[in-house]
1. Sequence-distant or interchain residues sharing an amide H contact under 5 Å with Leu94, placed H: which?
2. Can you give the direction-averaged projected area of the convex hull of the alpha-carbon atoms in the range 74-191, in nm²?
3. What does the accessible area per residue of the range 159-230 come to in Å², with a 1.4 Å probe and no ligands, DNA or RNA counted?
4. Taking 2.2 N^0.38 Å as the expected size of a compact globular protein, what ratio does the Cα radius of gyration of the range 2-72 give against it, to two decimals?
5. How many Å² of accessible area per residue for the range 1-108, probe 1.4 Å?
6. Pop out the ³J(HN,Hα) list for the range 21-30 in order, Karplus 6.51 cos²θ - 1.76 cosθ + 1.60 with θ = phi - 60°, rounded to Hz; leave Gly and Pro as x.
7. Which shape class, rounded, prolate or oblate, goes with the range 1-147 when its Cα gyration tensor gives a ≥ b ≥ c as root eigenvalues, a/c under 1.5 marks rounded, and past that a/b bigger than b/c marks prolate?
8. GNM on the chain, C-alpha springs below 10 Å: top fluctuator among Asp170, Asp159, Asp198?
Amino acid sequence: MNIKDELNKLTKYTEGLLEKYLPSDDSDLSMIYEAMRYSLLAGGKRLRPILMLSSYRACGGSGADIEPFMCAIEMIHTYSLIHDDLPAMDNDDLRRGMPTNHIKFGEAAAILAGDALLNKAFEITSSAEYSDPRRALNAIAYLSAASGTEGMIGGQVLDIDAENRNITLDELKRIHSLKTGALIRAACVTGGIMAGADETRMSALRDYAVNLGIAFQIRDDILDVTGSEAELGKPIGSDAESGKNTYVSICGIERSEELVSEYTEAAERALATFGENGTFLTELARYLVKRRK
């Protein structure tokens, strides 16, 4: 398998879906749609919808039932980035090599664009027709929880609270298991739910996602120190300037690199029950451990 070619194919597929579910608008509301589309279609890895689709397929899923959820999770992720970039949060001017939403459209429009993307995510998942509506209802409930106070938002709250004070490694893991990890777990678990996976496979997907999420975050922390603005599309060193705790600040570069490998290997082991059906998810974990952006 050529992982880069497969990722490019899945990225294009995902972006086609995003265009379908959030088309341009020429009404008197065109401004908010422009702001929403500006960030949603600005590129990126599309990691979460790709993880969702791949988990769905690994569990035997086929057909279009997963597509609204693929778009929804990318909308939720994008809304969180728009809000993270705001002056009240991380105060960033660049995202994916482009001016952040509030720089392009103003703070008020950026807040509303983020709010609108979150609402659009659940509008499209709750209004679609499914071959098994019960699975869809369970998936919506799981995605809602992963996005909220016991998931991504809760992690952001803990992250803000931890700024400019020393915390333990366990506290840092707790922050990132919610802030970053919750949506990664939701991607894999939602794929399993929509495919009707049994508990053995659901447990394996959760274990895979937990370990992948930690490895992904540690790599992000490393790249914030060792990467370049040209590669990342955003300023480097921003974590240290903001007084944020990271794996690098607590463990150092060398140990952080070791941890990325350890968690990636654990993610791979979790997929043993899938056999060949887990090949792409395994290759994806190996690819992410070496990424430069």
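1. Answer set, sorted by chain and number: Thr100.
2. Result: 8.4 nm².
3. 38 Å²
4. Values: Rg = 13.8 Å, N = 71, 2.2 N^0.38 = 11.1 Å.
That works out to 1.24 for the range 2-72.
5. Per-residue value: 44 Å².
6. 7, 9, x, 5, 9, 10, 7, 6, 9, 4
7. Prolate is the answer for the range 1-147, as a/c is 1.5 or above and a/b outweighs b/c.
8. Maximum among the listed residues: Asp170.
The values are calculated or read from the model by the stated rules, or taken from the named source; none is laboratory data. Bear in mind the structure is a predicted one, so any value in this text is a computation, not a measurement. Methodologically, a virtual Cβ is constructed for each residue, glycine included, from the backbone with ideal geometry; neighbour enumeration extends over all protein chains shown. For accessibility, only protein heavy atoms count, side chains too; no ligands or nucleic acids. Shrake-Rupley method; radii C 1.70, N 1.55, O 1.52, S 1.80 Å.
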